[in-house]
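The values are calculated or read from the model by the stated rules, or taken from the named source; none is laboratory data. These numbers were taken from a predicted model, which means no experiment stands behind them. A quick note on method: Cβ atoms are made from the backbone with ideal geometry, for glycine too, and the neighbour counts reach across all protein chains shown.
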Amino acid sequence: MEDQRDSIDDLARRNFGGQLNGKKNNDFAVMQRLLDENIVTADQKTKLQAMGLILGNLLKSEYGLNWIVYFDKYGRSRSLQVPGYDRDFIFPVTQVSRKAEVGIRVNIAEVYEELEQSIVNIRNRPLF
C-alpha cells in the first residue's frame, strides 16, 4: 500500500514540486491538480486506485477505521471497516477509479465527503 501512495507522491514532486503530507487540504489539492492537469488520466487505474488508498488512509486516521481484506464472489478487495460494525464496509480504493473510468470528472473532496457520509450512515445504525 505504501508503494501506491509513493507513486502519487512521486508524480506530484516531479510535475509541480508538491508532495503529500497526510493533511486533508494539502493531499486533496495535490491529487486534484494531478487529475485536473491530466497527469493522472482515466486509463491509469492503478494511479487512480492509489488516490483512493490515500483517501482511505485519511479516513482511517480521522475516524479510527481498520483496513481489512474483504472477500466475496468477485475476489478480494481492500476495504475499511468501522469498528463495532462487522458487516459494514467502505471501499475507498475504487471510488476514484470507478468515477474516472465512466467519464465522470472526479472531485477529490466530494469523493471524500461521500465516503464520510457512508461512515456516518453506518455509525447511525443500531448495533445488533
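The residue list TYR70, TYR63 contains one member that is among the hydroxyl-bearing types (Ser, Thr, Tyr), over 26 Å from VAL102 (Cβ atoms), within 17 Å of the chain's Cα centre (by Cα) and surrounded by 11 or more Cβ atoms within 10 Å (Cβ to Cβ), which is TYR63. Number of residues in region 80-102 that are of a type in the set (Gly, Ala, Ser) and at pLDDT below 95: the value is 1. Checking the stated criteria, ASP88 turns out not to satisfy the condition of being under 16 Å from ILE8 (Cα atoms) and of a type outside the set (Phe, Trp, Tyr). Residues in region 69-105 that are outside any helix (DSSP H, G or I) and closer than 14 Å to ASN57 by Cα: ARG78, SER79, LEU80, GLN81, VAL82, ILE90, PHE91. The set of residues from region 33-56 being assigned to a helix (DSSP H, G or I), out of contact with any Ser or Thr (no Cβ under 8 Å at 6 or more places or on another chain) and more than 10 Å from PRO92 (Cα to Cα) comprises ARG33, LEU34, LEU35, ASP36. For region 107-121, the tally of residues that are in contact (Cβ under 8 Å) with a residue 12 or more places away in the chain, surrounded by fewer than 18 Cβ atoms within 10 Å (Cβ to Cβ) and either within 16 Å of ASN66 (Cβ to Cβ) or not small (Gly, Ala, Ser) (or both) stands at 3.
Please tell me if VAL30 is more than 15 Å from the chain's Cα centre (by Cα) and either hydrophobic (A, V, I, L, M, F, W, C) or in a helix (DSSP H, G or I) (or both).
Considered against the rule, which asks whether it is more than 15 Å from the chain's Cα centre (by Cα) and either hydrophobic (A, V, I, L, M, F, W, C) or in a helix (DSSP H, G or I) (or both), VAL30 comes out as no.
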